[in-house]
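Report on one structure; see the data block that follows.
The values are calculated or read from the model by the stated rules, or taken from the named source; none is laboratory data. Keep in mind that what you see is a predicted model, and the values were worked out from it rather than measured. Note that each Cβ is placed from the backbone with ideal geometry, even for glycine, and that neighbours are counted across all protein chains shown. Heavy atoms of the whole protein, side chains included, go into the accessibility calculation; ligands, DNA and RNA do not. Shrake-Rupley method; radii C 1.70, N 1.55, O 1.52, S 1.80 Å.
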Amino acid sequence: MRVSVIGLGNMGRAMAERLSAHGFELSVWNRSPVRAEGLAAAVRGSAAEAAGECDVVLTSLANDDAVRDVVLGSGAVLEALAPDAVHAGTSTISTGLARELAERHAERGRAYVSAPVLGRPDAAASGQLYVVAGGDARALARCRPVFESIGQRTFELPDAPQANLAKVIVNFQLAGTLELLGEVFALAEKGGLAPTRALEILSGTLLGSPAVEGYGRRIVEGRFEPAGFAMPLGLKDLRLALRLGDELNVPLPAGEVVQDHMQAALAAGLGQLDWSGLTRIVRRDAGLT
Ligand SMILES: NC(=O)c1ccc[n+]([C@@H]2O[C@H](COP(=O)([O-])OP(=O)(O)OC[C@H]3O[C@@H](n4cnc5c(N)ncnc54)[C@H](OP(=O)(O)O)[C@@H]3O)[C@@H](O)[C@H]2O)c1
């Protein structure tokens, strides 16, 4: 099976490595060619060139603007897709853009699946992602070998916007969890309970989960670099949720608080940190260094 990966950032590069190790015939493109160095893949000079020669095209791009430009605009991925190829968009984008992509592909007689992924680059590299895939059943079936290579489980949904809605709500929950972990550890520390003990109790009792355990450890250890998921991308995802709340008349006051803290982190020059670094702002506000 021939697969193209377009966008070799933290996630795209890790997924490409996994697919290459699994024997997929791989071609890749990235705006900055340096990200393709050392990859066992055919490196193409344009997104359209990579997209035109494969069965499944995976896009992994930062945000709505990048996806719009590479797929519908100057990158011309949609124009280049072969008639029987499927485009699987793994980026975290708005439900509105997912709907538009599905429509534009359908108008050209091409198949589009929104397939946002849950999990960090290390999970991608070891095939432990969760894939939330929305599209028509035939297109989903054609992508299955690819999803099974990069992920441990795929949740299938009937259309593209629902898949992106699912991704946005999961990241909204995660952002809230980061904020609360920051607040809980600040409270523990100022009260004289070591954050490591607090984490042990949280994760060993009712709140144990990969998110509390994994992010909790990162926060307690102050290990925010290198960023697996960078702060500006975290803020982008939070804003996708806030925008949906606005459109659907769902007040999201907790999200507003997290947005303020992420914005304060950017203003404080912490933009290069992992998004869990927003807890530095929580600590600062609590008078902790
Ligand atoms: N990291 C995670 O833990 C994680 C987990 C799940 C989902 N995601 C989602 O996956 C997507 C990629 O995330 P990431 O962490 O890999 O981000 P990243 O490391 O910042 O990479 C972003 C990618 O987008 C490309 N890009 C940005 N703007 C572009 C433009 N205008 N035209 C062409 N290419 C452009 C970048 O190219 P250059 O190299 O040239 O800058 C790079 O390949 C995002 O939607 C993110 O929300 C990330």
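Per-residue ellipticity at 222 nm from helix content only, as computed over the chain with -39500 (n - 2.57) for each DSSP H run of at least four residues, stands at -16000 deg cm²/dmol. Averaging over all projection directions, the Cα-based convex hull of the chain occupies 15.2 nm² in the image plane. Given R0 = 41 Å, the distance between the Cβ atoms of A268 and E200 translates into a calculated FRET efficiency of 0.85. Using R0 = 41 Å, the C-beta based FRET efficiency linking D84 and Q162 works out to 0.95. Computed from Cα positions, the angle between helix 231-248 and the longest principal axis of the chain comes to roughly 80 degrees. Could you give the nm distance between label points at L248 and A286, where each point is 7 Å from its Cα heading toward the beta carbon? According to this spin-label approximation, the distance is 3.1 nm. Under the definition of Cα pairs under 8 Å and six or more residues apart, what whole-number percent is the relative contact order of the range 199-289? Relative contact order here is 35 percent.
Test of understanding: what is the full-extension gain from D69 to F155, defined as 0.36 nm times their sequence separation minus their Cα-Cα distance? Provide the component values of the computation, followed by the final result.
On the way: separation 86, 0.36 × 86 = 30.96 nm, distance 2.77 nm.
Computed gain between D69 and F155 is 28.2 nm.
Helix 95-107 axis versus longest C-alpha principal axis of the chain: approximately 10°, rounded to the nearest ten.
Among beta bridges from DSSP that stay inside the chain, the antiparallel ones total about 15%.
Please list I201, I219 in order of solvent-accessible area, largest first, computed with a 1.4 Å probe with all protein chains present. Let's see the in-between values first.
Numbers: I201 95, I219 20 Å².
Sorted descending by solvent-accessible area, the residues read I201, I219.
Normalised by the number of residues in the chain, the mean separation of alpha-carbon contacts (under 8 Å, six or more apart) gives a relative contact order of 14 percent. The modelled label-to-label distance for the pair E49/S126, using points 7 Å beyond Cα in the direction of Cβ, is 3.6 nm.
Counting 0.36 nm for each residue step from K190 to R104 and taking away their Cα separation leaves a gain of 25.5 nm. Centre-to-centre separation between the Cα atoms of the range 121-143 and those of the range 30-64: 18 Å. When the residues K236, K190 are ordered by accessible surface, computed with a 1.4 Å probe over the protein chains alone, the sequence from largest down reads K190, K236. Listed peptides 2-8, 253-259, 50-56 appear in the order 2-8, 50-56, 253-259 once ranked by packing, highest mean of other Cβ atoms within 10 Å at the front.
Quick check for you: with a 1.4 Å probe and neighbouring chains kept, what is the accessible area per residue of the chain, in Å²? The partial results should precede the final answer.
On the way: 13120 Å² over 289 residues.
I get 45 Å² per residue for this part.
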